[in-house]
1. Count, please, the residues in the stretch 117-146 that happen to be in a helix (DSSP H, G or I) and surrounded by fewer than 16 Cβ atoms within 10 Å (Cβ to Cβ).
2. Does residue 54 satisfy the condition of being crowded, with 16+ Cβ neighbours inside 10 Å and of a type in the set (Ser, Thr, Tyr)?
3. Answer with yes or no whether residue 114 is of a type in the set (A, V, I, L, M), within 27 Å of residue 301 (Cα to Cα), more than 16 Å from ligand 2 (Cβ to nearest atom) and in contact with a helix residue (DSSP H, G or I) (Cβ under 8 Å, 6 or more places away or on another chain).
4. Are there any strands (runs of 3 or more DSSP E) wholly within the stretch 255-326 with 1 or more residues that are open to solvent by 50 Å² or more (accessible area, probe 1.4 Å) and in contact with a Cys (Cβ under 9 Å, 6 or more places away or on another chain), and if so which?
5. Could you list, ordered by first residue, the pairs with Cβ atoms under 9 Å in which the first is in the stretch 46-64 and on the phi > 0 side of the Ramachandran plot and the second is in a loop (DSSP other than H, G, I, E, B) and crowded, with 24+ Cβ neighbours inside 10 Å, at least 6 apart or interchain?
6. Could you check the stretch 169-193 and list, in sequence order, the residues that are β-branched (Val, Ile, Thr) and more than 12 Å from ligand 1 (Cβ to nearest atom)?
7. Of these, 228, 259, 208, which one is in contact with a helix residue (DSSP H, G or I) (Cβ under 8 Å, 6 or more places away or on another chain) and charged (D, E, K, R)?
Amino acid sequence: MNKKIIIDTDPAMGTKGGDPEDCFAIMLAMNSPELEILGITTVQGNVPVERGYSNAKYLVTELNRDIPVHTGKPGTYDQDRNERRKWLSQRQEMEQINPLLDIDEDSKGAPKFIVETAQEHSGDLELVTIGPLTNIAQALDIDPALSKHINKITMMAGAATVQGNVTPAAEFNVWADPESASKVFNSGIPVRMVPLDVCHKTRFGREDLNKIGTNDHPFCKFVQEAVDPWLKINPNQAIVDQGLHLYDSLAMALCFMPDLAEYKNAFVSIETKGEYTDGETVCEFNESIMGQIFKPKPNSEVALDVDVEGFNKIFKERVIDFLVNL
Ligand code: BDR
Ligand code: CA
């Protein structure tokens with residue numbers, strides 16, 4: 001039976017210089033028969049919400065998929081945090097390649113869509129979150145019993161035993177809105193956390209990515225245009241030559257092929273008050289610390305190792321080959 005999912009995402013393919021990775025993850029989901037996508041919800045992160053919404057709508061429309069898209073509101077979960085993350089909503093100067101759509105003020109919005117879909121498909125729904133967790137925290141405010149309806153969240157989030165990628169302590173998706181992440185990890189919904197520990201093990205060759213542009217289909221040209229700056233962003237070309245890290249696509253793959261990774265159970269707490277550590281995912285792996293286990297009941301399974309070749313194969317077949325043959 002297909003796994004029913006909602007994808008919560010901050011897609012930037014379509015905004016010049018934006019991270020194209022979320023859209024690859026969405027395409028991977030679209031081309032995976034193991035999944036049924038009930039909706040896509042967009043959140044402030046890589047780009048402001050109206051851009052993420054426009055980018056998601058463009059992707060769905062160009063690929064002729066009948067998938068509802070709902071947007072969250074600008075801003076973080078906690079208004080005080082918003083002041084400190086202002087730059088996230090200030091990326092208005094970036095050039096928008098595909099049309100910037102108006103947000104329908106009457107639409108139900110992402111958190112309400114998540115709640116209603118979860119209630120309708122109670123016990124038969126998973127979330128895949130590949131951006132900050134603002135919408136999910138707001139959905140928990142609408143229905144505090146949401147954990148009864150959602151089986152699992154597979155999330156690209158955090159850094160368990162390695163450095164962060166925004167600060168030494170924090171990974172972007174958690175750092176962007178730590179209060180929302182804290183609420184979600186404490187919600188009772190089981191989490192499969194896909195942290196930088198495994199994302200940084202992935203290496204996808206740029207020759208394969210460059211194949212997309214060999215297809216003259218306008219959508220492939222659009223994707224290649226989005227990928228080019230990404231290939232150039234790392235000044236160390238020797239690293240780029242070894243291949244690029246895929247974060248969101250790995251999380252997506254682990255939703256339907258969990259055996260590609262190895263996990264350890266942990267209780268994950270989110271640092272929200274640290275001077276240097278805001279957004280850190282503090283993982284207690286249920287191992288005794290000086291004879292004491294602080295949180296014996298885990299809230300997450302944390303991916304710590306991954307079959308990179310197995311993942312690359314799936315990504316190539318379902319994303320690159322799909323685009324090359326469009
Ligand atoms: C995460 O941050 C975003 O830029 C990527 O899309 C990914 O979700 C990696 O830290
Ligand atoms: Ca993302």
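The values are calculated or read from the model by the stated rules, or taken from the named source; none is laboratory data. Computed from a predicted structure; not experimentally measured. FYI the Cβ positions are ideal-geometry reconstructions off the backbone, even for glycines, and counts take in every protein chain you see. Surface areas here come from the heavy atoms of the whole protein model, side chains and all, with no ligands, DNA or RNA. Shrake-Rupley method; radii C 1.70, N 1.55, O 1.52, S 1.80 Å.
1. Within the stretch 117-146, the subset in a helix (DSSP H, G or I) is 117-120, 134-142, 146.
In the following step, the residues that additionally are surrounded by fewer than 16 Cβ atoms within 10 Å (Cβ to Cβ) were identified as 119-120, 141-142.
So the answer is 4.
2. On the way: crowded, with 16+ Cβ neighbours inside 10 Å: yes; of a type in the set (Ser, Thr, Tyr): yes.
In short, yes.
3. On the way: of a type in the set (A, V, I, L, M): yes; within 27 Å of residue 301 (Cα to Cα): yes; more than 16 Å from ligand 2 (Cβ to nearest atom): yes; in contact with a helix residue (DSSP H, G or I) (Cβ under 8 Å, 6 or more places away or on another chain): yes.
It is true that residue 114 is of a type in the set (A, V, I, L, M), within 27 Å of residue 301 (Cα to Cα), more than 16 Å from ligand 2 (Cβ to nearest atom) and in contact with a helix residue (DSSP H, G or I) (Cβ under 8 Å, 6 or more places away or on another chain).
4. Working: elements: 261-270, 281-284, 300-306.
Here the list reads 261-270.
5. Once the first residue is on the phi > 0 side of the Ramachandran plot and sits in the stretch 46-64, no partner that is in a loop (DSSP other than H, G, I, E, B) and crowded, with 24+ Cβ neighbours inside 10 Å comes close enough.
6. Taking the stretch 169-193 first, the residues β-branched (Val, Ile, Thr) are 174, 184, 189, 191.
Scanning the stretch 169-193 gives 184, 189, 191.
7. Working: 228 fails: in contact with a helix residue (DSSP H, G or I) (Cβ under 8 Å, 6 or more places away or on another chain); 259 fails: in contact with a helix residue (DSSP H, G or I) (Cβ under 8 Å, 6 or more places away or on another chain).
The match here is 208.
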